[in-house]
1. Suppose only helical runs count, i.e. DSSP H with n ≥ 4. What mean residue ellipticity at 222 nm does that imply for chain B under -39500 (n - 2.57) per run, divided by all residues and rounded to the nearest 500 deg cm²/dmol?
2. Could you please tell me the mean projected area of the C-alpha convex hull for chain A, averaged over all directions and given in square nanometres to one decimal?
3. What residues have an amide H closer than 5 Å to that of B:Thr392, excluding those fewer than 5 places away on the same chain, when H is modeled at 1.01 Å from N in the peptide plane?
4. What distance in nm lies between label points placed 7 Å from Cα along the C-beta direction at A:Thr118 and B:Arg529?
5. Ranked highest first by the average count of other Cβ atoms within 10 Å around their residues, in what order do B:292-299, B:60-67, B:256-263, B:23-30 fall?
6. Toward the positive end of the charge dipole of chain B, about the Cα centre and with charges on Cβ (Lys, Arg +1; Asp, Glu -1), which of B:Ala508, B:Val544, B:Ile560 goes farthest?
7. If you take each beta carbon of peptide B:298-308 and count the beta carbons of other chains within 10 angstrom, what is the mean?
8. Once amide H atoms are placed 1.01 Å from N in the peptide plane, what residues at a sequence separation of 5 or more from B:Val238, or on another chain, have their amide H within under 5 Å of its amide H?
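What follows is calculated from the coordinates using simple rules that are stated; it is not laboratory data. All of these numbers come straight from a predicted model, not from anything done at the bench. Cβ placement follows ideal geometry from the backbone for every residue including glycine, while neighbour counts extend to all protein chains displayed.
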Amino acid sequence: MTESKHVITMLVDNQPGVLARVVGLFSGRGFNIESLCVAETTSPEVSRITLVTTADPLVMEQIIKQLRKLINVIKVRDMDKSKAVQREMALICVRTKPEHRAEVLRIVDIFRGKIVDTGSEHYIIEVTGDEGKLTAIINLLKPIGIKKIARTGTVALFREPK
Amino acid sequence: MENTEKTLTGAQILMTVLQEEGVDTIFGFPGGAVIDIYDELDRTPIRHILTRHEQAAVHAADGYARASGKVGVCLVTSGPGATNTVTGIASAYMDSIPLVVVTGQVPTSLIGNDAFQEVDIVGITRPCTKHNYLVKRTDDLSKVLKEAFHIARSGRPGPVLVDIPKDVAKGKAVYSRMDATQMKSYNPTYHPNMRQLEKVISLIQEAKRPMIFAGGGVILSKASAELTAFARKTQMPVTTSLMGMGAFPGTDSLCLGMLGMHGTYRANMATSACDLLIGVGVRFDDRVTGKTDAFASQAKIVHIDIDPTSIRKNVLVTLPLVGDCKITLQELNRMIERIDFGNIAEQRRDWLSQIAQWKETGALDYDQTTIIKPQYVVETLYRLTQGKAIITTEVGQNQMWAAQYYHFDEPDHFITSGGLGVMGFGLPAAIGAQIAQPEHLVVDIAGDGSIQMNIQEMATIRQYGLPVKIVILNNRYLGMVRQWQELFYDKRYSCTDMESAPDFVKLAEAYGALGLKATTPEEVESVLREGLAAPGAAIMDFWVDRQECVYPMVPAGAPITEMLLV
Ligand SMILES: Cc1ncc(C[n+]2csc(CCOP(=O)(O)OP(=O)(O)O)c2C)c(N)n1
Ligand SMILES: [Mg+2]
């Protein structure tokens, strides 16, 4: 069976140890986690976890069922990408020799990023988008010289009916 | 309405909730972190059984839960007390046994400091409990305890651990009785989807060779009567998992015995030939399915289970049905009441006579030579007790012979560590079962290796005057491992010969029990008679054929039709 990438969104009790239960489930059962985002929702008792994994359909079915079985997990959904908005943010620190600055600024502009820190030898760029967009900008910046990078992993919400 | 609000200590709240939950017996072992709780316990009518090891306290609570149908409760101290419970908890988790395990913890101010006897037991037991809690405020204690009991006994049952720091047990909180537990994220599905159920009926009507595979879920949901009615009405033969022994009467002509690695020839053959397999309260464990691609490969599979994760985990099914076994079978029985199956005996004639033929070809058999055969001991025990004893087992060959040669007509009579396979389970489990059923005959069918893993519980048996009977099938080997070495490792018996063993007769006597030994087949019956008739506990040590193997045997990972038969 073919594996594919899935974005799982879930609401969980905002309590100590809940993340450990979710992560422990994945490691204990041999499921993989590609990225993971956790933060409070508007209700302080509830957090949203967005998790990206790659799995075949049967494994995916188990992942969803096993997550539902956790007592602290309130709601779980496997997101159909066409029905959801997905975003990830990256902070990219690039080496900027004077001769590259104009090029970097142009790239940042094309991707609607922002320069959030500057120095004599670097820029830190903030950029948001879906995974494809982030991969694209990273590929363009690589030849110029990426010093460090921090990515948030995907967050996602279902679109509301129009 | 009566005002039930009062200010209590954490320890008092624990005692109050235990009594509200109908707990009259708990199993445990004290220590510094739970002194306050023990101090309070002494002022209640709750009976405390002091085992000699915390692992045994959990197995005893497990045996108690199975023999009583209630939630088993344990109380142990922090650190080593807590870590000693892990094996027992993991076994109960695999077998879906409802337990509430209360562990003491160092005071909240010391948590995280590597304090004396501190261990993160919530972290350690997260993957082997249905749920667990660290209670940080006395105010939260009653709600947590209520939830713990609710979670342990509802849905697919399981162990729940509640870790109580010493200051939480000493601290005070306003307590008011709470009867219902509402949890927004926990709602097991009891009622099956009715449209799916109707499809089961048509599958039965279409099938030529249908059968049922029943497991521990039938026993846990107390659905044996419903299952029996269902099978008899539709004339479908029934095989069971190890955990399902007794879910369907073992002496019924429709009973095929156990399925899987050491299953009966007819059960394995029938499962491979059937065209409809209705799994009820089972999880298609690898010891049952063998090679999954070859398992029930001609059959449409219906899978009834309360736990959605059990379904389509190991085998693909035609028709999944999430629901409680009892409710689902009741609905099915109601539906089949209205259906005219015509001459059902006639329709099943070929199928059942094929099965009868398999029964003849592959009957469980052994030759009783001049050395005692372990099967003969179990068979004689079965005959002398008329199949009415509660049997607990250790793990290994002894467990399989118990399952093969003792036939259970009733549920809750076979108590074994099925999923985890814990050596040392049977003796403490027998203690729990005996306490739950004081008038009932309780026998631990043991191996000489396993019995030594919790032998200290003989002292518990003595302290409470429990008439537990222990039948040791003594092959002076870690027999099941030796069997694998014989069959699959060219008889290289690496570390399975326990070259020294205690004199079990003297050991029994040291613990104030009757000790008996049989070395010839002629002595088997008289030793059993004497041991069973004795008023108190007895160890009966049977020196059996060292080389005997459990047959049939399906090598791990092979199709279940590939049985080694003697
Ligand atoms: C705690 C534990 N350790 C190891 C094993 C592996 N094991 C399974 S059966 C067995 C042999 C048990 O020997 P004995 O109790 O004498 O039973 P027999 O098979 O000889 O009847 C062993 C070592 C186990 N199941 N449990
Ligand atoms: Mg042995």
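1. Rounded to the nearest 500, it is -11000 deg cm²/dmol.
2. 11.9 nm²
3. B:Ile415, B:Val443, B:Asp444, B:Ile445
4. Reported label-point gap for A:Thr118 and B:Arg529 is 10.4 nm.
5. Values: B:292-299: 16.8, B:60-67: 30.9, B:256-263: 24.8, B:23-30: 21.5.
Packing order, densest peptide first, comes out as B:60-67, B:256-263, B:23-30, B:292-299.
6. Toward the positive end, the furthest listed residue is B:Ile560.
7. Numbers: counts 0, 0, 0, 0, 0, 0, 0, 0, 0, 2, 7.
Averaged over the peptide's residues, the number is 1.
8. B:Ile212, B:Cys255, B:Leu256
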